[in-house]
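Trainee: Mind having a look at this structure? Questions to follow.
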Amino acid sequence: MFVTSSFLPPLQEYVQYLEKIYLSGILTNQGSLVMELQEKLHQFLGLSTETFHCLANGTLALQLALSALDINDGEVITTPFSYVATVSSILWQRCTPVFVDIEADNFTIDASKIEAALTPLTKAIMAVHVFGHACNVDEIQRIAAKYNLKVIYDGAHAFASKLNGKSLLAYGDISTLSFHATKLFHTVEGGACIVKDKTISDKLELQKRFGHDGDDHIMLGINAKTSEFHAAMGLANLPHVPDIIAARKKVIEQYDSLLGQKIMRPKQQPGLEYNYAYYPVVFQSEKDLLRIFKALNNADIYPRRYFYPSLNKLPYLTGAACPVSEDIAGRIACLPLSSYLEEDDVERVCKIVLEHYRNRSC
Ligand SMILES: Cc1ncc(COP(=O)(O)O)c(C=O)c1O
């Protein structure tokens with residue numbers, strides 16, 4: 001049992017879209033399935049005037065977001081508690097990441113510490129809705145407006161999460177998504193940018209396809225397009241998302257009821273409509289985590305240390321200490337979660353975890 005199992009739609013539903021590709025002969029370069037997926041995702045997520053760009057993956061989405069907003073040098077305030085792609089995108093844009101520690105209760109960037117980290121070189125804030133939990137969007141917006149900074153939300157985990165009835169992806173200048181196979185909604189590989197401003201969106205549109213329009217070479221670009229085959233998987237998956245979320249919710253509720261108060265979990269903020277994307281648990285110590293991992297692995301169960309290490313500790317970076325993130329990263333893991341998990345599977349995982357706690361208190 002792995003940390004997740006990718007959802008696969010009934011084969012015939014996927015094949016219907018593949019037949020359309022074979023009929024059109026169009027495999028990539030903004031074909032009709034990519035357009036259809038963009039429109040349907042925009043609608044599904046309840047977005048309004050924002051523009052939706054389906055892209056090759058969530059990492060290029062972050063890089064393009066920075067580039068479209070002209071963040072090509074200077075400092076970017078970011079979180080040390082994320083997947084490495086958040087910080088690698090900043091480095092690929094030749095910017096310097098400046099880490100601000102995280103909130104202890106939901107692991108998002110601690111907005112109350114951002115102002116102290118600003119310098120005359122700061123150009124943007126890149127925050128992450130970790131595990132689908134919302135950043136302090138109001139405070140981040142207040143700081144951005146006061147200091148004239150751009151805001152990018154890495155929403156790789158935030159598909160279908162809402163705050164006070166509004167998609168989390170509608171916040172910031174640009175929000176990004178990952179549609180990697182391990183995500184709640186996937187296109188095998190894929191990602192997206194949701195862009196607030198029309199001019200920035202037009203720039204991103206050009207940059208995602210090499211920066212030229214026909215023979216007119218306008219600006220530096222990259223190839224971040226997605227293909228019709230990836231869009232086909234997305235179109236086949238999308239109608240199943242409500243059932244996928246409901247199934248994950250059921251698994252999470254079972255985990256919660258079996259594990260009880262024994263293990264620390266992120267705290268859900270008021271107004272958050274959660275997407276049940278992950279099941280992170282924080283053990284009492286790294287030693288506990290390693291012991292539990294050994295017992296689970298012996299039973300063919302493979303949770304993941306997600307996220308580890310704290311990104312300020314990456315060997316190719318020098319960053320200030322982030323004690324909260326370093327502490328959490330040392331003892332957090334995501335337990336198996338997918339829409340395919342059976343009650344027996346969850347019971348098996350919990351039994352091993354709880355056994356460890358029983359032995360510990362003897
Ligand atoms: C928080 C976060 N940001 C960015 C990414 C990168 O997305 P992708 O794998 O689609 O490039 C991931 C992938 O897991 C992620 O978890």
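We did not get these values from a lab; they are worked out from the coordinates using the rules stated. Quantities reported herein were computed from a predicted structural model and do not represent experimental measurements. Cβ sites come from the backbone with ideal geometry, for glycine too, and all protein chains shown count toward neighbours.
Trainee: To the nearest 0.05, what FRET efficiency results for Q141 and K198 with a Förster distance of 22 Å applied to their C-beta separation?
Mentor: Details: r = 20 Å, r/R0 = 0.89.
Once rounded, the FRET efficiency stands at 0.65.
Trainee: Sort out the exposed loop trypsin sites (Lys or Arg not before Pro) in the chain (DSSP loop, at most 15 other Cβ within 10 Å) and tell me the longest stretch that has none.
Mentor: 95-266
Trainee: What whole number of Å gives the distance from the Cα centroid of segment 241-292 to the Cα centroid of segment 59-111?
Mentor: 25
Trainee: Let me ask you something else. Based on a Kirkwood Rh over C-alpha pairs, give the Stokes-Einstein translational diffusion coefficient of the chain at 10 °C and viscosity 1.306 mPa s in µm²/s.
Mentor: After rounding, the answer is 75 µm²/s.
Trainee: Give K162/K203; K183/K225; K203/K225; K294/K351 a once-over and call out the pairs whose C-alpha atoms are over 21 Å from each other.
Mentor: Checking Cα-Cα distances, K162/K203 exceed 21 Å.
Trainee: Still on this structure, please answer the following. Can you list residues whose amide H is under 5 Å from M264's amide H, if they're 5+ apart or on another chain and H is modeled 1.01 Å from N?
Mentor: V282
Trainee: Separate question: Using the Cα centre of segment 1-130 as origin and beta-carbon charges of +1 (Lys, Arg) and -1 (Asp, Glu), tell me which of A68, Y83, T96 is placed farthest towards the positive end of the dipole.
Mentor: A68
Trainee: Here's another thing I want to ask about it. Based solely on its DSSP helices, what 222 nm [θ] is calculated for the chain when runs of n ≥ 4 H residues each add -39,500 (n - 2.57) and the sum is averaged over all residues, nearest 500 deg cm²/dmol?
Mentor: -12000 deg cm²/dmol
Trainee: List the residues, sorted by chain then number, that are 5 or more residues from N57 or on another chain and whose placed amide H is less than 5 Å from its amide H.
Mentor: G191
Trainee: Ok, one more. Based on Cβ point charges of +1 for Lys and Arg and -1 for Asp and Glu, what charge dipole magnitude is obtained for segment 118-211 about its Cα centre, in debye rounded to the nearest 20? Show your work: numbers first, answer last.
Mentor: Details: 12 positive and 8 negative charges, 30 e Å.
Magnitude of the dipole: close to 140 debye.
Trainee: How large is the dipole of the chain about the Cα centre if only Lys and Arg carry +1 and Asp and Glu carry -1, each at its Cβ, rounded to the nearest 20 debye? Could the numbers behind the result be given before it?
Mentor: Details: 34 positive and 40 negative charges, 163 e Å.
Charge dipole of the chain: 780 debye, to the nearest 20.
Trainee: Over 30 Å between Cα atoms, which of K150/K250; K166/K250; K113/K267 qualify?
Mentor: K150/K250
Trainee: Let me ask something else. For segment 76-163, calculate the relative contact order in percent as a whole number, restricting contacts to Cα pairs under 8 Å that are 6 or more residues apart. Write out the running numbers ahead of the final one.
Mentor: Values: 145 pairs, mean separation 25.4, N = 88.
Over segment 76-163, the number comes to 29 percent.
Trainee: Placing +1 on the Cβ of each Lys and Arg and -1 on the Cβ of each Asp and Glu in segment 294-362, which of S325, C350, L296 has its Cα farthest towards the positive end of the resulting dipole?
Mentor: S325
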